[in-house]
Amino acid sequence: MKKVQEAQIEGKNVLVRIDTDVPMEKQWTDGNTREILDDERLRASIPTIKYLLEKGAQKITIMGHVGQPKGVDLNFSLWPIANQLSTLLGYKTEFFKPQINYSLDAKIILYENMRFDPQEEANDPGLAQELAKNQNFFVQDAFATCHRAHASTVGVAKLLPSYAGMAVQKEVENLSRVIASPAEGCTIIIGGKKTEDKLPMIENLIDKAENFLIGGVVGNTFLAAKGYNLGKSLIEIDVLEEAREILQKFAQNPAKKLLLPVDLIFSRSLEKAEDIRHENLEDVSNVGDFFAVDIGAETTANFLVTIKNSKTIFWNGNLGVSEVEEFRKNTWHIAEAIANSRAKKYAGGGDTSSFIRQVGLANNFNFISNGGGATLEFLAGKPLPGLEVLK
């Protein structure tokens, strides 16, 4: 993987892909901008942009996206991103729409949401050529998009000399350390949703880790695969067979420990605490109208013992409905235990990363990935198109 530090930058026009898909308030302020709730993904690329400025880049053109808009939808505009980048850089960021028309004398340019154009996700060669026009080289600094072969990730990289930015370098280096860690004492903690994306990662890491602690919707799905009745709890039924196959692999390899919830907290509502009840799964009853919203006290205690004895920990996915205050208690206990452990500590996933920062524990982790789906695919051993093209 070629690194931006290897590029000849002075006097050059540089095209840069960064991760701008940050959580924002739904409402616009005075019709002018939206409050960014967590700008860590933007901050991750500031070192790369500042490096390009310090090394004398003539012009820096930045590409990004927010959400999954269906065509041009100004609710997904990058205008708030332009404002925040200017603040973080201490440098005016010019903002242009549509993407290709811009002032030739602007130093830093941010294009409007790349996904407003359907050619972006189709990796259309015409759009890639238009983006690459008058550019000297390309820098990929959005690891979270590297598992997608889009015009702004793979298309332009095939047309220009291309390099990994500093944020991408950090992601690859740290996630590679997770994979390379000794299996003994290596613990993988998985929660949240998107079971379909997380099962391949678990399968790939069975030989590379000793302990797997599973909660959230992923845990619900494994429990359903074992035949437990969880009422109205969120379960991803399309992958039940794959979950059963993974359970069988663990059953055949007793040296590997798969810890699933043995008790859960249930609520009649996912949005608020309503008729809360604690149920041991061996004698669970009368939860037909209830949702599992958090792991229980016994499960938490089991997880804490494993965490305390771990040497390496990777955590992806919260263990309850942590956006609701009453349902985040045991995810918080797990986060504190990881933060206070002597293990090398890594985390990833948008919800998990935001949660760790919200509770003030980010500095206790060796590395927090911003990658989302790309992180899961990297740890699952899948080639990422956006990285492959940089070789």
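The values are calculated or read from the model by the stated rules, or taken from the named source; none is laboratory data. Nothing here was measured: the structure is a model prediction, and the numbers come from that model. Virtual Cβ from ideal backbone geometry, glycine too; neighbours counted across all protein chains shown.
Give the number of residues within the stretch 220-247 that are of a type in the set (Gly, Ala, Ser) and in a helix (DSSP H, G or I).
So the first thing to find is which residues in the stretch 220-247 are of a type in the set (Gly, Ala, Ser), and the list is 224-225, 227, 231, 233, 243.
Pick out the ones that are also in a helix (DSSP H, G or I) and you get 224-225, 243.
Going through the stretch 220-247 one residue at a time, the tally reaches 3.
With 301, 292, 273, 209 as the choices, which residue is closer than 23 Å to residue 346 by Cα and not in a helix (DSSP H, G or I)? Even if it seems obvious, please write down each step before you answer.
On the way: 301 fails: not in a helix (DSSP H, G or I); 292 fails: closer than 23 Å to residue 346 by Cα; 273 fails: closer than 23 Å to residue 346 by Cα.
It is 209.
Please verify whether residue 355 is more than 28 Å from residue 42 (Cβ to Cβ) and modelled with pLDDT under 95, treating the condition exactly as stated. Don't jump to the end; show me each part of the working.
Numbers: more than 28 Å from residue 42 (Cβ to Cβ): no; modelled with pLDDT under 95: yes.
No; evaluated as a whole, the condition is false for this residue.
Which one of 162, 86, 181 is at pLDDT 95 or above and of a type in the set (Gly, Ala, Ser)? Let's see the steps before the verdict.
Working: 86 fails: at pLDDT 95 or above; 181 fails: at pLDDT 95 or above.
Exactly one residue qualifies, and that residue is 162.
Please go through (1) in a helix (DSSP H, G or I); (2) touching a Gly at 6+ places or on another chain (Cβ under 9 Å); (3) surrounded by fewer than 21 Cβ atoms within 10 Å (Cβ to Cβ) for residue 81 and return the number of the only condition it doesn't satisfy.
(3)
Which one is surrounded by the fewest Cβ atoms within 10 Å (Cβ to Cβ), of the residues in the stretch 183-205 that are touching a strand residue (DSSP E or B) at 6+ places or on another chain (Cβ under 8 Å) and either β-branched (Val, Ile, Thr) or part of a loop (DSSP other than H, G, I, E, B) (or both)?
Once the filter is applied, the top-ranked residue is 185.
Out of 233, 267, 176, which single residue is of a type in the set (S, T, N, Q), surrounded by fewer than 15 Cβ atoms within 10 Å (Cβ to Cβ) and under 25 Å from residue 350 (Cβ atoms)?
When all the criteria are applied, what remains is 176.
Can you go through 337, 380 and tell me which one is hydrophobic (A, V, I, L, M, F, W, C), out of contact with any strand residue (DSSP E or B) (no Cβ under 7 Å at 6 or more places or on another chain) and free of Cβ contacts under 8 Å to residues at least 60 places away in the same chain?
Answer to the check: 337.
How many residues does the stretch 304-324 hold that are part of a helix (DSSP H, G or I) and either more than 15 Å from residue 338 (Cβ to Cβ) or touching a strand residue (DSSP E or B) at 6+ places or on another chain (Cβ under 8 Å) (or both)? Don't jump to the end; show me each part of the working.
First, the residues of the stretch 304-324 that are part of a helix (DSSP H, G or I): 304-308.
Add one more test, that the residue is either more than 15 Å from residue 338 (Cβ to Cβ) or touching a strand residue (DSSP E or B) at 6+ places or on another chain (Cβ under 8 Å) (or both), and what stays is 306-307.
Going through the stretch 304-324 one residue at a time, the tally reaches 2.
Identify all residues within the stretch 127-170 that are among the acidic types (Asp, Glu) and buried (at least 24 other Cβ atoms within 10 Å of the Cβ); write none if there are none.
Matches in the stretch 127-170: 141 only.
Would you point out which residue out of 131, 127 is in contact with an Asp or Glu (Cβ under 7 Å, 6 or more places away or on another chain) and part of a helix (DSSP H, G or I)?
127
Here's the yes/no breakdown for (1) touching a His at 6+ places or on another chain (Cβ under 9 Å); (2) farther than 22 Å from residue 152 by Cα; (3) buried (at least 16 other Cβ atoms within 10 Å of the Cβ):
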position: 324; (1), (2), (3): no, yes, yes
position: 331; (1), (2), (3): no, yes, yes
position: 351; (1), (2), (3): no, yes, yes
position: 356; (1), (2), (3): no, yes, yes
position: 381; (1), (2), (3): no, yes, no
position: 384; (1), (2), (3): yes, no, yes
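Could you please tell me which pairs satisfy a Cβ distance under 6 Å, a separation of 6+ or placement on different chains, a first residue in the stretch 205-227 that is closer than 16 Å to residue 291 by Cα, and a second residue that is of a type outside the set (A, V, I, L, M, F, W, C) and surrounded by fewer than 21 Cβ atoms within 10 Å (Cβ to Cβ)?
What qualifies is 217/193; 221/236.
Would it be correct to say that residue 247 is closer than 20 Å to residue 193 by Cβ, surrounded by fewer than 19 Cβ atoms within 10 Å (Cβ to Cβ) and out of contact with any helix residue (DSSP H, G or I) (no Cβ under 8 Å at 6 or more places or on another chain)?
Numbers: closer than 20 Å to residue 193 by Cβ: yes; surrounded by fewer than 19 Cβ atoms within 10 Å (Cβ to Cβ): yes; out of contact with any helix residue (DSSP H, G or I) (no Cβ under 8 Å at 6 or more places or on another chain): no.
No; evaluated as a whole, the condition is false for this residue.
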